[in-house]
1. Among the helices (runs of 4 or more DSSP H) confined wholly to region 84-163, which include 3 or more residues that are touching a helix residue (DSSP H, G or I) at 6+ places or on another chain (Cβ under 8 Å) and either of a type in the set (S, T, Y) or closer than 24 Å to R30 by Cα (or both)?
2. Does L76 meet the test of being in a helix (DSSP H, G or I) and either hydroxyl-bearing (S, T, Y) or over 20 Å from F25 (Cβ atoms) (or both)?
3. Condition first: surrounded by fewer than 19 Cβ atoms within 10 Å (Cβ to Cβ), in contact (Cβ under 8 Å) with a residue 24 or more places away in the chain, in contact with a Phe, Trp or Tyr (Cβ under 9 Å, 6 or more places away or on another chain) and part of a helix (DSSP H, G or I). Can you find one or more residues in region 59-70 that meet it?
4. Taking region 130-189 as the search range and keeping residues that are polar (S, T, N, Q) and touching a residue at least 40 places away in the same chain (Cβ under 8 Å), which one is farthest from L92 (Cα to Cα)?
Amino acid sequence: MATLQALNLLFSGDTELWEIIFLSFSVSFRAILFSAPLAIMIAFCLAYLQFPARRFFIALFNTAMSIPAVVVGLTLYLLLSRSGPLGDLKLLFTQEAMIIGQMVLCFPLLVALSHATLQAVDRRAWETAITLGAHPFRAVFTVLKEARFGLTAAILAGFGRIIAEVGSSMMVGGNILHYTRNIPTAIALETSKGSFAQGIALGIVLLLMALLLNLFLTYIQGQGEHSL
């Protein structure tokens, strides 16, 4: 019965349900958009430049991938709360706070996966571009173009990591209806109330998104193999 009600909510165009879905994707998309460029450039520096503490930073980003979302949420809550050092910014329980939390979560993953991808690129692409007198930015672009399929996969993995996280979004967003309630926090709330229809409907959306992401990743990997 609950499943039928969930399907009815999805296909009837329930306003509240689709508002939650849109907000969730909007917040996560912005978090990835803001994180990816800097993460990829840091990954490039770790892969192609030699500097002190380089291995330490690689280990740091690899370790940071496993930080639980609730720990990130708690840390940001303490920083952004009224008594915290960043309380004057009044960001707590806003979409901006949720975006910051998701950026913190996906950033180490983006750096680590992008670094692994860039290391796999033939280093001669970079050396040849520099030898031929290309501007450093042009040489960087050449390497990124070679790694475009792997980098796309890294970005999709980062998006998949944050779209389904609940700990950080719950703590810094507050799960406020029409403002900060996203798919995972709505599922947690509806389940705790014993109202399963909306939770199942939102769960179906997450499952479909996971399927689509995996299909696209498979396509990207196939394109990368064909380009070799």
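Values quoted throughout were computed directly from the atomic coordinates according to the rules given, and no laboratory measurement underlies them. Quick caveat: nothing in here was measured; it's all calculated off a predicted structure. Positions of Cβ are backbone-derived with ideal geometry, glycine not excepted, and every protein chain shown enters the neighbour counts.
1. Here the list reads 95-120, 148-163.
2. Values: in a helix (DSSP H, G or I): yes; either hydroxyl-bearing (S, T, Y) or over 20 Å from F25 (Cβ atoms) (or both): yes.
Yes; evaluated as a whole, the condition is true for this residue.
3. Taking every residue of region 59-70 in turn, at least one turns out to be surrounded by fewer than 19 Cβ atoms within 10 Å (Cβ to Cβ), in contact (Cβ under 8 Å) with a residue 24 or more places away in the chain, in contact with a Phe, Trp or Tyr (Cβ under 9 Å, 6 or more places away or on another chain) and part of a helix (DSSP H, G or I).
4. The residue in question is T152.
Rundown of residues vs (1) aromatic (F, W, Y); (2) farther than 28 Å from Q221 by Cβ; (3) over 23 Å from the mean Cα position of the chain (by Cα), yes/no style:
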position: R82; (1), (2), (3): no, yes, yes
position: F93; (1), (2), (3): yes, yes, no
position: E96; (1), (2), (3): no, yes, no
position: G101; (1), (2), (3): no, yes, no
position: A112; (1), (2), (3): no, no, no
position: L118; (1), (2), (3): no, no, no
position: R123; (1), (2), (3): no, no, yes
position: E127; (1), (2), (3): no, no, yes
